[in-house]
Amino acid sequence: MKNFKLLLALLISSNLLLAQGLDSFNIYKVIEKEGLSWRNGDLQGFKSCWSVRPYGGIYISTAEGKFIEFDVARMVNVKQEMIGSGGLSIHTNHKFKISGNSAWVSHDQVAIDKFGKSSRSKEVRFLEKENSQWKLIGQSVHIIDEAKKNNDTTSYIQTVDIITGEIETIASLKGHYEAPNWHPDNYLILNTYGNLIKLDLKSKRINKINTDFANNCNNDHGISPDKKSLVISNFDTLDLAHGTYVSKIYTLPIKGGIPKLITKNSPSFWHGWSPDGKTLAYCAQRNGNFDIYTIPAVGGEETRLTSADGLDDGPEYSPDGKFIYFNSYRNGHMQIWRMMADGSRPEQLTFDENSNWFAHPSPDNKWIVYISYQSDEKQSHLFGRQVKLKLMDIKTRVIKDITPVFYGGQGTINVPSWSSDSKKVAFVSYSIN
């Protein structure tokens, strides 16, 4: 009997822990949805996270000592024109207290607006369970003074679920990091200040990849189809004072090693590797114009695929090898195109007022993701602009936003960054303090 009672007590305790764990997860999801819905302009999604209680309230204290109070009904009755300003927020250090159908959770928040300005706050959220769904009923926010910080860049390495739009922040790194490649072994490869690094998605450890003499790597790098090799674009000559950028393409083992020169001519910027591993596609300037070229992956003579006036850039093969996706200024506005792998039959895919760059087809060949500048950037893709990520269904050509507007641009998603299951995309957003 004693053993039975002990077993029963253990089972009850275990079930309580499981229930609390599930509640913590669901509460976390509500908080994330509330913030993302606000920034995406999803009015109904935002309102669905809140419920009015007579004892609920919003309390805000500022770094200047001001105190602001208003009723939760203001959140539930918010108007469309008051939300959807863009930007991203990052929540960390969650601490939960759950008692029956009531809970509170404290967390830190970094909010980055679409201009790259960040603010930090300490927050306590109050929730109640309503019809088995957790709802926010109040919150207390203390805004932290950031004014004394020196100007610098913070890079937020993130992933987005293409179906749910859920954004996960993998790491917040001081300094400038760019262009994540997603390896199936659960790590990302990025470049930072001329070096390549490996960021383990589970442990969050960072290790430098040995690229030997190639220590001016730019954000055009990638992984071979067999996952055994790396391709890099390296500035062999980098004279910022005189605007000299001599970029050439090299390959090396995935774990690092001595790079092998592939392109004799420069400047050359890699973007695509054919599915059979035999051919590289890249953007190169020859005779004053940037066009798309291919070359054998072992080196050799290059083949020119485009010759239209204006910049052609970002060539990437479809997983079946039939097409090359790219962005082009040939019509006087930067849009997404594709052509046959031999350069024939170019076809325009996007037709909006934004500047669209770097189309990356998913491994299952169902989608392309690309970065969309919210202004006409002509033939430039600069850092420090308002951008969003968009997703196109290749079959139907239907396009949807998968992120709010955020501060990014050059370095955000220059290279292939899909997860191997085609469910998520890695990207980088930034803030300037």
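Structure above, values below:
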{"item": "Any hit, segment 390-405, residues being surrounded by fewer than 24 Cβ atoms within 10 Å (Cβ to Cβ), within 21 Å of residue 201 (Cα to Cα), basic (Lys, Arg) and in the same structural domain as residue 221 (by TED's automatic domain parsing)", "result": "no"}
{"item": "Residues located in segment 257-282, provided they are within 22 Å of residue 213 (Cβ to Cβ) and of a type in the set (Lys, Arg)", "result": "260, 264"}
{"item": "Subset of segment 406-417 that is crowded, with 24+ Cβ neighbours inside 10 Å and among the polar types (S, T, N, Q) - its residue that is farthest from the chain's Cα centre (by Cα)", "result": "414"}
{"item": "Tabulated pairs, segment 334-362, first β-branched (Val, Ile, Thr), second outside any strand (DSSP E or B), C-beta under 8 angstrom, 6+ apart or interchain", "result": "336/349; 336/350"}
{"item": "Yes/no for residue 292 being in contact with an Asp or Glu (Cβ under 9 Å, 6 or more places away or on another chain), surrounded by fewer than 18 Cβ atoms within 10 Å (Cβ to Cβ), in contact (Cβ under 8 Å) with a residue 40 or more places away in the chain and aliphatic (A, V, I, L, M)", "result": "no"}
{"item": "Candidate set: segment 143-174, residues that are of a type in the set (D, E, K, R) and surrounded by 13 or more Cβ atoms within 10 Å (Cβ to Cβ); chosen: the one modelled with the lowest pLDDT", "result": "146"}
{"item": "Residue in segment 124-139 that is surrounded by the most Cβ atoms within 10 Å (Cβ to Cβ), counting only those that are more than 14 Å from residue 75 (Cβ to Cβ) and either of a type in the set (A, V, I, L, M, F, W, C) or within 30 Å of the chain's Cα centre (by Cα) (or both)", "result": "134"}
{"item": "Residue within segment 309-319 that is buried (at least 17 other Cβ atoms within 10 Å of the Cβ), in contact with a Ser or Thr (Cβ under 6 Å, 6 or more places away or on another chain) and under 30 Å from residue 395 (Cβ atoms) present", "result": "yes"}
{"item": "Within segment 268-286, considering residues that are more than 14 Å from residue 304 (Cα to Cα) and of a type outside the set (Phe, Trp, Tyr), the one farthest from the chain's Cα centre (by Cα)", "result": "278"}
{"item": "Strands (runs of 3 or more DSSP E) completely within segment 23-99 that count 3 or more residues being surrounded by fewer than 15 Cβ atoms within 10 Å (Cβ to Cβ)", "result": "67-70, 88-99"}
{"item": "Qualifying residue in segment 193-206 (condition: part of a loop (DSSP other than H, G, I, E, B) and crowded, with 17+ Cβ neighbours inside 10 Å)", "result": "yes"}
{"item": "Residues of segment 320-371 satisfying the condition of being of a type in the set (S, T, N, Q) and either farther than 15 Å from residue 390 by Cβ or surrounded by fewer than 19 Cβ atoms within 10 Å (Cβ to Cβ) (or both)", "result": "328, 331, 344, 348, 365"}
{"item": "Residues of segment 336-358 classified as within 20 Å of the chain's Cα centre (by Cα) and farther than 22 Å from residue 227 by Cβ, total", "result": "5"}
{"item": "Count of residues meeting criterion [in contact with a Phe, Trp or Tyr (Cβ under 8 Å, 6 or more places away or on another chain) and surrounded by fewer than 19 Cβ atoms within 10 Å (Cβ to Cβ)] in segment 103-116", "result": "2"}
{"item": "Candidates 372, 422, 380, filtered to the one that is in contact with a Pro (Cβ under 7 Å, 6 or more places away or on another chain) and either over 22 Å from residue 222 (Cα atoms) or of a type in the set (Ser, Thr, Tyr) (or both)", "result": "422"}
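The values are calculated or read from the model by the stated rules, or taken from the named source; none is laboratory data. All figures in this text were calculated on a predicted structure; none of them were measured in a lab. When we count neighbours, we look across all protein chains shown, and the Cβ atoms used for this are built from the backbone with ideal geometry, even at glycine.
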